[in-house]
Structures are given as C-alpha cells and as structure tokens.
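Asks: Quick one: the structure is below, and I'll ask about it shortly.
Here, each number is a calculation from the coordinates, and none is a lab measurement. Source: prediction; values computed, not measured. Quick reminder, even Gly has a Cβ in these numbers, built from the backbone with ideal geometry, and neighbours come from all protein chains shown.
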Amino acid sequence: MYNQDGEEKITYFYFENNRMCSCVSCTTGQTSLLTIGALTQCHILSFRYDILQQLCKISPQWKFFGRLVAEYVVIGLEERIVDLNPLNTEQRYQQLLKSNKQKIIERIPQHYITNYPGITAVRLSRIRNKMNKK
C-alpha cells in the first residue's frame, strides 16, 4: 500500500505461502515506495540485499528462494496492471469477484476491499444492491 494525500491506497493482496518484497528498496537500498502490512499473523524473513546476493552465490536453494520471491512479485504486478485497466468501478468490482482473489471478500475488512479497486463504500453498496437485484 502507499499513502496519497493522507489516504491509504491498496496495491495488492498476498495470501498464505506467498512471498513478497519491496523490490525498489531491496535492490537499490532506497526507501520503499510501498508499505507492506499484515492483516494476520505471518512469518517475516528480513535481511540485507547484499547478504541475499552472497547466499545466492553459494547456495542453489537460496538462489531458488530469490527467484520464487521475484516470480511472486512479478505475478502480483502483472495482475494489478490488468486490474487497473480502464473499466468503470462496477466492472472493476465484478472483476475482483471473478478473480482468484475471491478470498478477499471473506477475509479482509470492507474498507480495504473498496480501496483496492478504487470504489467508495457508498458506491460499493450500490453495486452490491444492483448485483443482488439481477
């Protein structure tokens, strides 16, 4: 997530057994453009990028781990790019319901759900009412 004019903007949701990182921070050493937040208990492995590079040089398992993290991040970016296509808010919400992120509706607070596709709570209520009438 990131902050825009004092408002949190959700960029992506990761679930169990996913790996992720802030690629900008990890590879450049600069402050991350995004904040990583956990809504449930999770295990965090944290170390400097130069240490990961050294581990990857001496161990195929760490090289594989690094590749898995990168793959998860790229998958998330690609899915989010598609999510941001020029659909109206109702279409974006319907796309969210049809996606593999269906778990979101059951597990994540509504204010995060509305934030993710850029829908206000009032608009989401109207969309849901309209969908229930169909």
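Asks: Relative to the Cα centre, what is the charge dipole magnitude of the stretch 87-134, using +1 at the beta carbon of each Lys and Arg, -1 at the beta carbon of each Asp and Glu, and rounding to the nearest 20 debye?
Replies: It comes to approximately 160 debye.
Asks: Tell me, what HN-Hα J-couplings in whole Hz come from the Karplus equation 6.51 cos²θ - 1.76 cosθ + 1.60 at θ = phi - 60° for each residue of the stretch 36-42, using x for Gly and Pro?
Replies: So the Karplus estimates, Gly and Pro as x, are 9, x, 10, 9, 9, 5, 8 Hz.
Asks: Within 12 Å, Cβ to Cβ, of R123, how many net charges do the neighbouring residues add up to if Lys/Arg are +1 and Asp/Glu are -1? If you can, show how the numbers build up before the last one.
Replies: Values: positive: R92, R126, R128, K130; negative: E90.
Charge balance in the 12 Å sphere: +3.
Asks: Evaluate the charge dipole of the chain about its Cα centre and quote only its size in Debye, nearest 20, assuming +1 on the Cβ of each Lys and Arg and -1 on the Cβ of each Asp and Glu.
Replies: Details: 18 positive and 11 negative charges, 107 e Å.
With only Lys, Arg, Asp and Glu charged at Cβ, the dipole is about 520 debye.
Asks: Rounded to whole Å and sorted largest first, what semi-axes of the equivalent ellipsoid does the C-alpha gyration tensor of the stretch 1-126 yield via the square root of 5 times each eigenvalue?
Replies: Numbers: eigenvalues 192, 47, 36 Å².
Calculated on Cα positions only, the semi-axes equal 31, 15, 13 Å.
Asks: When ranked by the protection proxy of mean other Cβ atoms within 10 Å per residue, highest first, what sequence do the peptides 55-63, 35-43 form? Could you put the intermediate results ahead of the total?
Replies: Details: 55-63: 12.0, 35-43: 9.0.
Result, highest mean Cβ count within 10 Å first: 55-63, 35-43.
Asks: Another question, then. Choose one of P60, Q91, M131: the residue whose Cα lies farthest towards the positive end of the charge dipole of the chain (beta-carbon charges +1 Lys, Arg; -1 Asp, Glu; about the Cα centre).
Replies: Of P60, Q91, M131, it is M131.
Asks: In the Gaussian network model of the chain, springs joining C-alpha atoms below 10 Å, which of E90, E16, E71 carries the largest mean-square fluctuation?
Replies: Taking springs between Cα atoms under 10 Å, the residue moving most is E16.
Asks: Let me ask you something else. So how compact is the stretch 87-134: Cα radius of gyration and Dmax in angstrom?
Replies: Cα radius of gyration and Dmax of the stretch 87-134 are 10.0, 25 Å respectively.
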